[in-house]
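Student: Below you will find the structure I want to go over with you.
The values are calculated or read from the model by the stated rules, or taken from the named source; none is laboratory data. Every value quoted in this text rests on a predicted model; they were computed, and no experiment measured them. Neighbour counts run over all protein chains shown; Cβ positions are idealised from the backbone, glycine included. We work out accessible area using only protein heavy atoms, side chains counted, and drop any ligands, DNA or RNA first. Shrake-Rupley method; radii C 1.70, N 1.55, O 1.52, S 1.80 Å.
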Amino acid sequence: FGHLTSQEEANELYVKWAPGINRPLEELLGESYAGKIRVEDGAALLDSVRLDPLATAGWRTLVLVSLTVILLAAGFGYVTYLLLVSQQGRIEMSFLRSMGLSRLQLVSMLTFEHLAMAVVGLALGTWAGAQMSRMTVAPLAVTETGGQVVPPFILMIDWGLMLPAYVGLIFIFV
């Protein structure tokens, strides 16, 4: 592995396989390192965690409950918004009708107004959620001495889960 320039010695090595290589690491290193290394396959460890039915069932249930809460909160929030705005909206609609706007123009204007509100709300909520996730995870992604964890923590959004939630929210707004 070459010479180290500091007094510390490396105690971990992270390997990323090139596409098409599926030989064991011990075989690639040879017999000289056979008793000196211990190989832990991170992908296999993650797969074993995913196979635990209790852990998987708990997280899946929690995700479904949180999606249900999000959709219910969005639905109740939007209905409340419509009830609060409807009184003033009647006055505005009467004023716009008296100015000569047709029913189609009023419906188009209301559709644009509510669609713009929904798009801005989803975009702002997505951005705020990503920022909150970073703020929550950043203090946890450090070693006991305060350094960065190796390999670095990568925050990912499960779009396969978010897209159905967005479709549900858009359905509520429509």
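Student: If you stretched the chain out fully between Gln105 and Ile170, how much longer would it get, using 0.36 nm times the residue separation minus the C-alpha to C-alpha distance?
Tutor: Net length gain for the segment: 21.2 nm.
Student: If the only charges are +1 at each Lys and Arg Cβ and -1 at each Asp and Glu Cβ, what is the size of the charge dipole of segment 60-167 around the Cα centre, to the nearest 20 debye?
Tutor: It comes to approximately 320 debye.
Student: OK, next. Starting from the alpha-carbon convex hull of segment 129-170, give the projected area averaged over all orientations, in nm².
Tutor: 3.6 nm²
Student: For segment 70-111, rounded, prolate or oblate, judged on the Cα gyration tensor with a ≥ b ≥ c (square roots of eigenvalues), a/c < 1.5 rounded, else prolate if a/b > b/c?
Tutor: Working: a/c = 6.24, a/b = 2.22, b/c = 2.81.
Oblate is the answer for segment 70-111, as a/c is 1.5 or above yet b/c matches or exceeds a/b.
Student: So for segment 103-151, Kirkwood radius off the Cα pairs, Stokes-Einstein at 25 °C and 0.890 mPa s: how many µm² s⁻¹?
Tutor: So the translational diffusion coefficient is about 176 µm²/s.
Student: Order the following by accessible area, largest value first: Leu161, Leu46. Probe radius 1.4 Å; ligands, DNA and RNA are ignored.
Tutor: Most to least solvent-accessible, the answer reads Leu46, Leu161.
Student: Run the 1.4 Å probe and let me know the accessible area of Ser94, rounded to the nearest 10 Å².
Tutor: 80 Å²
Student: Strictly greater than 22 Å: what percent of every Cα pair in segment 37-174 meets that?
Tutor: Looking at segment 37-174, the distances longer than 22 Å represent 61 percent of pairs.
Student: Towards the positive end of the charge dipole of segment 50-174, with charges on Cβ (+1 Lys, Arg; -1 Asp, Glu), say which of Leu161, Gln87, Phe76 has the farthest Cα.
Tutor: Farthest towards the positive end: Gln87.
Student: Given a Förster distance of 45 angstrom, what is the FRET efficiency for Arg38 paired with Leu64, based on the Cβ-Cβ distance and rounded to 0.05? The partial results should precede the final answer.
Tutor: Working: r = 39 Å, r/R0 = 0.86.
About 0.70, to the nearest 0.05.
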